[in-house]
Structures are given as C-alpha cells and as structure tokens.
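The values are calculated or read from the model by the stated rules, or taken from the named source; none is laboratory data. As the structure is a computational prediction, the values presented were derived from the model and not from experiment. Neighbour counts are summed over all protein chains in view; Cβ atoms, including those assigned to glycine, are modelled from backbone coordinates with ideal geometry. Areas reflect the complete protein model, heavy atoms only, side chains present, ligands, DNA and RNA absent. Shrake-Rupley method; radii C 1.70, N 1.55, O 1.52, S 1.80 Å.
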Amino acid sequence: DPPALQTTMTQYLEDYNAISSKPMKLVLFLFAVEHICKIARVLQMPRGNALLAGVGGSGRQSVTRLAAHVCDMEVFQIEVSKSYSLADWREDLKKVLVMAGQDGKPTVFLFADTQVKEESYVEDINGLLNAGEVPNLFPSDEKATICDNVREKARDEGKEGDGSNTTMFAYFVTRCREYLHL
C-alpha cells in the first residue's frame with residue numbers, strides 16, 4: 001500500500017531526525033520511498049552491499065542513511081579533508097572493522113566517489129568486498145588484541161576451533177563480513 005508506506009517512512013524520518021545530530025529535510029515522494037525500501041532489503045541480506053549510481057545531489061547518501069536507520073544499523077562515513085592521508089584512511093578502516101567484527105554492531109560504511117583521494121582506497125574497498133578484510137591492515141599486536149576480544153564470542157557460538165589466533169582472526173573476518181555493509 002504505497003500511501004501507508006509513505007506514512008511509515010515519514011515516521012522513520014521523523015524518528016531519525018529526533019535522534020540525529022544532522023537531521024535531514026527530505027521530501028519522501030514515492031520513488032524515494034521505493035529506493036529506501038530497496039536499499040533496506042540489500043542491507044538486510046547476508047553480505048549485502050550496494051553501489052548506488054546517480055547524479056550528484058540526487059539523495060543517494062540521504063536515502064542510505066534513512067534505510068540504515070530503518071534496519072537499525074550504525075552509519076560510518078569518513079571525513080575527508082585536505083590533510084586526510086592514507087594513514088587516516090587505514091585508521092578509519094580499522095575503526096569500522098572493529099565496530100562490525102569485534103563489537104558486533106550492524107554497520108553501514110557509506111563511501112562516496114568524492115572521497116577517493118588515492119587509488120589504494122578503491123583497492124581496500126575491493127578487499128573488503130571480496131575477502132572481508134584488507135591485507136596487512138592490523139599489526140600483530142592489534143591482531144592479538146582483536147583475537148582476545150572475540151574469543152569469548154567464538155566460544156559462545158561454538159566456533160572457537162583450536163583457539164589459535166589464526167582461527168580467532170578468521171572468526172573476526174567472518175563477523176566483519178556478516179555485520180559490515182558497504
């Protein structure tokens with residue numbers, strides 16, 4: 001029922017604006033509501049990721065934020081500035097992976113084409129989409145900390161295996177793929 005769906009989405013938008021530090025003033029016409037529903041379906045799929053195409057200012061980020069709110073997911077987006085470096089990018093990737101894989105928070109990593117400062121960003125996104133990780137992102141000490149932090153969760157789910165750090169990090173990567181949507 002399209003009118004009822006528009007009313008429901010308007011309620012979600014009002015709810016989002018009430019709790020958000022950056023409220024959105026959107027006109028939820030029928031096509032916008034349809035796009036929100038499509039994105040929400042993709043986000044709820046296992047390993048669901050999406051590439052949104054359209055002209056600048058068409059609302060891709062706004063409808064993604066609202067769809068993530070509908071799905072009760074956190075939205076993570078980098079803040080690119082003139083001084084933003086590859087090291088900052090790697091730290092942001094670590095943050096979002098820890099949110100998803102270690103903390104188990106369903107997370108949407110919202111990444112726009114205007115945020116690509118270096119080609120290696122796209123390679124890292126490719127690694128996340130294909131393998132669920134970025135090679136050599138975490139140094140061994142951070143890897144060990146992550147493994148210790150996910151060990152109890154793995155034990156609770158019966159996926160501890162031999163309990164080695166290799167097994168625990170593989171469990172972490174699996175959780176990243178499960179909880180992180182790009």
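Computed quantities for the displayed model
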read-out: Amide H contacts of F109 (H built 1.01 Å from N, under 5 Å, at least 5 apart or other chain); value: F76, H181, L182
read-out: 15 Å Cα-Cα reach of K159 towards aspartates and glutamates, excluding residues that sit fewer than 8 places from it in its own chain; value: D148, E178
read-out: Theoretical FRET efficiency, 1/(1+(r/R0)^6), r = Cβ-Cβ of D72 and D162, R0 25 Å, to 0.05; value: 0.10
read-out: R0 of 35 Å, Cβ-Cβ distance K143-N17: FRET efficiency to nearest 0.05; value: 0.30
read-out: Area accessible to solvent at F169, 1.4 Å probe radius, in Å²; value: 20
read-out: Alpha-carbon centroid distance for the pair region 116-138 / region 47-78, whole angstrom; value: 19
read-out: Euclidean distance between Cα centres, region 1-24 to region 148-173, Å; value: 39
read-out: On Cα atoms only, tilt of 119-131 relative to the major axis of the chain in degrees; value: 80
read-out: Rounded to 10°, Cα long-axis angle of helix 30-44 versus longest principal axis of the chain; value: 20
read-out: Potential lengthening between D88 and L52 on full extension [0.36 nm per residue; Cα-Cα distance subtracted]; value: 10.5 nm
read-out: Among the listed pairs K94/K153; K82/K143; K22/K153; K25/K94, those beyond 26 Å (Cα-Cα); value: K82/K143; K22/K153; K25/K94
read-out: Probe 1.4 Å, all protein chains present, accessible-area order of R155, R175, largest first; value: R155, R175
read-out: Pairwise label distance in nanometres, T10 with S120, each label 7 Å out on the Cα-Cβ vector; value: 4.9
read-out: In degrees, nearest ten, helix 60-70 long axis to first principal axis of the chain (Cα); value: 80
read-out: The chain, helix-only ellipticity at 222 nm - DSSP H runs n ≥ 4, -39,500 (n - 2.57), divided by all residues, nearest 500; value: -18000 deg cm²/dmol
